[in-house]
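Structure first, then comments.
The values are calculated or read from the model by the stated rules, or taken from the named source; none is laboratory data. Note that the structure is a prediction, hence the values are computed from the model and not measured. When we count neighbours, we look across all protein chains shown, and the Cβ atoms used for this are built from the backbone with ideal geometry, even at glycine.
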Amino acid sequence: MADALMAAMVEQAPRSKGPRGAPGSGNGDGLFHALCFSAAMVLMATLAGLLVALLIGGWPAFSRFGFSFFTSSVWNPSGTPDNPEAYGAAGPIAGTLITAFIAMLLAFPLAVGIAVFLVEFCPRRLAHWVGIAVELLAGIPSIVYGMWGLFVLAPWFAEHIQTPLLLDLDPDGFWGKLFSGVPNGANIFTASLILAIMVLPYIATVFRELLLSIPPYLREAAYGMGCTPFEVVRNIMLPYIRRSAVGAVMLGLGRALGETMAVTFIIGNSHALPHSLFDSGSTIASTIANEFTEATGDLHVSALIALGLILFLITFATLAAARLLLGREKL
Amino acid sequence: MANGVPMASAPRHLRRKLTNYIFVGLTSIATALALAALVMILWSLVAKGLGGINLAAITQDQPGGGADMGQGGLRNGLVGSLILCAIGMAIALVIGILSGTWLAEYGDASRLAGTVRFINDVLLSAPSILVGLFVYELLVSHLVGHFSAIAGGVALAVLATPVITRTTEDILRLQSNQLREAGMALGAGKGLVIRAIIWRASRTGLVTGGLLGFARISGETAPLLFTSLGNPFLSVNLGQPMASLPTIIFNFALSADDNWRRLAWVAALIIAVFVLSANIIGRALAARGSSHK
């Protein structure tokens, strides 16, 4: 292919001299430029199309329910005269935000630990392989996480954590209320746990790159003053990457918010607002995945697409913030 | 300084050392936890997936509910997944490489290029289920009118394109300007320099981008649920619904049928092997490419 192009170039070279000897004109350069440009424009059109499609599709639901779409947690696709068809997104929105938030709470300290360990304490050869292993976690498809969560994590969690807690705690006390729920392992917390494992490699990898980008003289100066590695990390290295680290966390948050399959398998899928940490719930993405193909009414479809639009706006805001904080390179 | 260390600081010294040891311990535990998660997931995959593999698993189509244990296979899903990924990759490679080229060579530092980069980054991390909704609205409910393999392929393309755009741009920027100048000195135009010299020198990187894009889409489930839908029979008709491994997993894993669950694990193992090897080969190529520089 390239050889043929070379040959074509040699052949056309004499003809291609423009009036001022401009090289290359007439080789289809203009066409090639146009092709590349239109490919880039296709990207822009895709995002615009995505937004427009969600707006148009979700409009009937927004206009029908207005602001109550955000505040109501009634989700009733099968309308009867006594109990009319109605949709409120409060449950899925709350589920999305809560699971993503808990996932970040769990993943953040682990990610800092991994990054610091790999950069400061681990022998370099080993660090290379451990780093690859951590990144492999990011490569596992989300449906595999879902299956593992459903068949391995959830039963284990129900038997070894949820049931003992249920038996030991006073059901009316604070802790009893926090940990109440059907002991089947499919709940908000296990969904967050799976999400935490899934976003961990993304955050840890960015943290590691950030730590590696710290100028060596800063660390050396601190060590030279007699600081212990802990003091160097806490007082010099972590403050240095603070701003970008927040960006990395936002990036992980963006992933956690939109994650679909793994959560769908394990969150329990109920549309009510969750009452406890071990209560079943739903996220925006899991609701769409579960119901979209079965939705028969136009209003139901529209409500699901409206949910999609809300998810898009939340993740877009998160990602935009991540990008502002991180600069381009790390996203 | 050396003689100025008072005796009183000995306990403090001890405390600092102790804190440090605890800290090192905690960071090692964090790393060990992540590795343990990886090992546990891979172990369940292998333990539950390998046991279910038999010849029928790749030569027969998916069984009906209630079939005997060991009956039926994943042929329709395997073929479907390959076709869907092929459509997705064909579109994504063309658009991704061309737009990555535009960003690196033509757009460069312009405002428009900055916007395109930002949009590409958004698409790169956009929830895949929204891409499914978008393609559903565009193709399934309007242009084509029903679920089809084409719609599934397009949805996968939307997911793979940003990955390829990004790697293409990064890899083209690594090529030195001398290479471009040398080409132009021979009388080649900018487009020709890019096609015949820059692309050629970046071959490995472009392959890496393709592999990473493939790894991104081959396990994707959410966007396929309402675009290619799934199909219990072997189908190669692009205008009709088509089966795929991820949608089969989604349907089978949540069922109560043991034979279906067995096939779900087999399918999960197959997908994981595909995705992880594409990831590993991609990384290895990228590492080899950068060690030359």
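With B:129, B:119 as the choices, which residue is facing chain A (nearest Cβ under 10 Å), in contact with a Ser or Thr (Cβ under 7 Å, 6 or more places away or on another chain) and part of a helix (DSSP H, G or I)?
Working: B:119 fails: in contact with a Ser or Thr (Cβ under 7 Å, 6 or more places away or on another chain).
After ruling out the rest, the residue left standing is B:129.
Just one of the numbered conditions (1) in contact with a Pro (Cβ under 7 Å, 6 or more places away or on another chain); (2) more than 8 Å from every other protein chain (Cβ to nearest Cβ); (3) hydrophobic (A, V, I, L, M, F, W, C) is not true of residue B:201; which one?
(1)
Any residue in segment A:108-135 that's within 9 Å of another protein chain (Cβ to nearest Cβ) and on the phi > 0 side of the Ramachandran plot: show its pairings with residues that are surrounded by fewer than 17 Cβ atoms within 10 Å (Cβ to Cβ) and aliphatic (A, V, I, L, M) at Cβ separation under 8 Å, as long as the two are six or more apart or on different chains.
As it stands, the answer is none, since no pair meets every condition given.
Evaluate the following for residue A:323: is it of a type in the set (Lys, Arg) and either on the phi > 0 side of the Ramachandran plot or in contact (Cβ under 8 Å) with a residue 60 or more places away in the chain (or both)? Show your work before the answer.
Working: of a type in the set (Lys, Arg): yes; either on the phi > 0 side of the Ramachandran plot or in contact (Cβ under 8 Å) with a residue 60 or more places away in the chain (or both): yes.
Judged against the criteria, residue A:323 is a match.
Report yes if some residue within segment A:273-288 is in a helix (DSSP H, G or I), at the interface with chain B (Cβ under 9 Å from one of its Cβ atoms) and either β-branched (Val, Ile, Thr) or surrounded by fewer than 19 Cβ atoms within 10 Å (Cβ to Cβ) (or both); otherwise report no.
Scanning segment A:273-288 turns up at least one residue that is in a helix (DSSP H, G or I), at the interface with chain B (Cβ under 9 Å from one of its Cβ atoms) and either β-branched (Val, Ile, Thr) or surrounded by fewer than 19 Cβ atoms within 10 Å (Cβ to Cβ) (or both).
Can you pull out the residues in segment B:91-102 that are more than 8 Å from every other protein chain (Cβ to nearest Cβ) and either more than 15 Å from residue B:207 (Cβ to Cβ) or over 17 Å from the mean Cα position of the chain (by Cα) (or both)?
Passing the criteria: B:91, B:100.
Here's a check for you: in segment B:57-79, which residue that is among the small types (Gly, Ala, Ser) and under 28 Å from the mean Cα position of the chain (by Cα) is surrounded by the most Cβ atoms within 10 Å (Cβ to Cβ)? I'd like the intermediate steps shown before the answer.
Going through segment B:57-79, the residues among the small types (Gly, Ala, Ser) turn out to be B:57, B:64-67, B:70, B:72-73, B:77.
Narrowing the set further to residues that are under 28 Å from the mean Cα position of the chain (by Cα) leaves B:57, B:73, B:77.
On the way: B:57: 20, B:73: 22, B:77: 29.
Once the filter is applied, the top-ranked residue is B:77.
Looking for whichever is surrounded by fewer than 15 Cβ atoms within 10 Å (Cβ to Cβ), of a type in the set (Asp, Glu) and in contact with a Pro (Cβ under 9 Å, 6 or more places away or on another chain) here; the options are A:120, A:135, A:159. Which one fits?
Numbers: A:120 fails: surrounded by fewer than 15 Cβ atoms within 10 Å (Cβ to Cβ); A:135 fails: surrounded by fewer than 15 Cβ atoms within 10 Å (Cβ to Cβ).
Answer to the selection: A:159.
Here is a yes/no grid of residues against (1) in a helix (DSSP H, G or I); (2) more than 26 Å from residue A:259 (Cα to Cα):
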{"residue": "A:155", "(1), (2)": "yes, no"}
{"residue": "A:164", "(1), (2)": "yes, yes"}
{"residue": "A:171", "(1), (2)": "no, yes"}
{"residue": "A:180", "(1), (2)": "no, no"}
{"residue": "A:186", "(1), (2)": "no, no"}
{"residue": "A:189", "(1), (2)": "yes, no"}
{"residue": "A:194", "(1), (2)": "yes, no"}
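For every residue, the table says whether it meets (1) aliphatic (A, V, I, L, M); (2) farther than 17 Å from residue A:280 by Cβ; (3) assigned to a helix (DSSP H, G or I).
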{"position": "A:119", "(1), (2), (3)": "yes, yes, yes"}
{"position": "A:130", "(1), (2), (3)": "yes, yes, yes"}
{"position": "A:136", "(1), (2), (3)": "yes, yes, yes"}
{"position": "A:145", "(1), (2), (3)": "no, yes, yes"}
{"position": "A:151", "(1), (2), (3)": "no, yes, yes"}
{"position": "A:159", "(1), (2), (3)": "no, yes, yes"}
{"position": "A:183", "(1), (2), (3)": "no, no, no"}
{"position": "A:199", "(1), (2), (3)": "yes, yes, yes"}
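What is the one condition in (1) within 18 Å of residue B:27 (Cβ to Cβ); (2) within 25 Å of the chain's Cα centre (by Cα) that residue A:121 does not satisfy?
The failed condition is (2).
Which of the following residues is assigned to a helix (DSSP H, G or I), closer than 26 Å to residue A:144 by Cα, away from every other protein chain (no Cβ under 11 Å) and of a type outside the set (Asp, Glu): A:321, A:248?
Working: A:321 fails: closer than 26 Å to residue A:144 by Cα.
From the options A:321, A:248, the qualifying one is A:248.
Just one of the numbered conditions (1) within 27 Å of residue B:123 (Cβ to Cβ); (2) more than 14 Å from chain B (Cβ to nearest Cβ); (3) out of contact with any strand residue (DSSP E or B) (no Cβ under 9 Å at 6 or more places or on another chain) is not true of residue A:89; which one?
With respect to (1) within 27 Å of residue B:123 (Cβ to Cβ); (2) more than 14 Å from chain B (Cβ to nearest Cβ); (3) out of contact with any strand residue (DSSP E or B) (no Cβ under 9 Å at 6 or more places or on another chain), residue A:89 is out only on (3).
Yes or no, residue by residue, for (1) modelled with pLDDT under 90; (2) facing another protein chain (nearest Cβ under 9 Å); (3) in contact with a Leu (Cβ under 8 Å, 6 or more places away or on another chain):
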residue	(1), (2), (3)
B:242	no, no, yes
B:252	no, no, yes
B:255	yes, no, no
B:276	no, yes, yes
B:285	yes, no, yes
B:289	yes, no, no
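Being within 20 Å of residue B:107 (Cα to Cα) and basic (Lys, Arg) is the requirement here; does residue B:195 meet it?
Yes, satisfied.
Run down B:210, B:239 and say which single residue is in contact (Cβ under 8 Å) with a residue 40 or more places away in the chain, surrounded by fewer than 24 Cβ atoms within 10 Å (Cβ to Cβ) and not in a helix (DSSP H, G or I). So that I can check it myself, show each step before the final result.
Values: B:210 fails: not in a helix (DSSP H, G or I).
Answer to the selection: B:239.
Within segment A:77-90, can one find any residue that is surrounded by fewer than 19 Cβ atoms within 10 Å (Cβ to Cβ), outside any strand (DSSP E or B), small (Gly, Ala, Ser) and under 21 Å from the mean Cα position of the chain (by Cα)? Walk me through it before giving the result.
Within segment A:77-90, the first condition is being surrounded by fewer than 19 Cβ atoms within 10 Å (Cβ to Cβ), and the residues that meet it are A:77-86, A:90.
Applying the additional criterion that residues be outside any strand (DSSP E or B) yields A:77-85, A:90.
Checking the rest, the ones that are also small (Gly, Ala, Ser) come to A:78-79, A:90.
Pick out the ones that are also under 21 Å from the mean Cα position of the chain (by Cα) and you get A:90.
Yes - at least one qualifying residue is present in segment A:77-90.
Of the residues B:86, B:10, B:30, B:92, which is out of contact with any helix residue (DSSP H, G or I) (no Cβ under 8 Å at 6 or more places or on another chain) and assigned to a helix (DSSP H, G or I)? First the steps, then the outcome.
Details: B:86 fails: out of contact with any helix residue (DSSP H, G or I) (no Cβ under 8 Å at 6 or more places or on another chain); B:30 fails: out of contact with any helix residue (DSSP H, G or I) (no Cβ under 8 Å at 6 or more places or on another chain); B:92 fails: out of contact with any helix residue (DSSP H, G or I) (no Cβ under 8 Å at 6 or more places or on another chain).
Only one candidate qualifies: B:10.
Going through segment B:36-50 one residue at a time, which ones are free of Cβ contacts under 8 Å to residues at least 40 places away in the same chain and either at the interface with chain A (Cβ under 9 Å from one of its Cβ atoms) or closer than 19 Å to residue A:134 by Cβ (or both)? Steps first, answer last, please.
Step one: filter segment B:36-50 for residues free of Cβ contacts under 8 Å to residues at least 40 places away in the same chain, giving B:36-41, B:43-44, B:47.
B:36, B:37, B:38, B:39, B:40, B:41, B:43, B:44 - these are the residues of segment B:36-50 that are free of Cβ contacts under 8 Å to residues at least 40 places away in the same chain and either at the interface with chain A (Cβ under 9 Å from one of its Cβ atoms) or closer than 19 Å to residue A:134 by Cβ (or both).
Which one of the conditions (1) free of Cβ contacts under 8 Å to residues at least 40 places away in the same chain; (2) under 22 Å from the mean Cα position of the chain (by Cα); (3) under 19 Å from residue A:56 (Cα atoms) does residue B:129 fail to meet, given that it meets all the rest?
The number of the failed condition is (1).
Starting from segment B:103-121, take each residue that is in the same structural domain as residue B:172 (by TED's automatic domain parsing) and free of Cβ contacts under 8 Å to residues at least 60 places away in the same chain and list its partners that are β-branched (Val, Ile, Thr) and surrounded by 15 or more Cβ atoms within 10 Å (Cβ to Cβ), counting only C-beta distances under 7 angstrom and pairs at least six apart or across chains.
Correct list of pairs: B:107/B:116; B:120/B:165.
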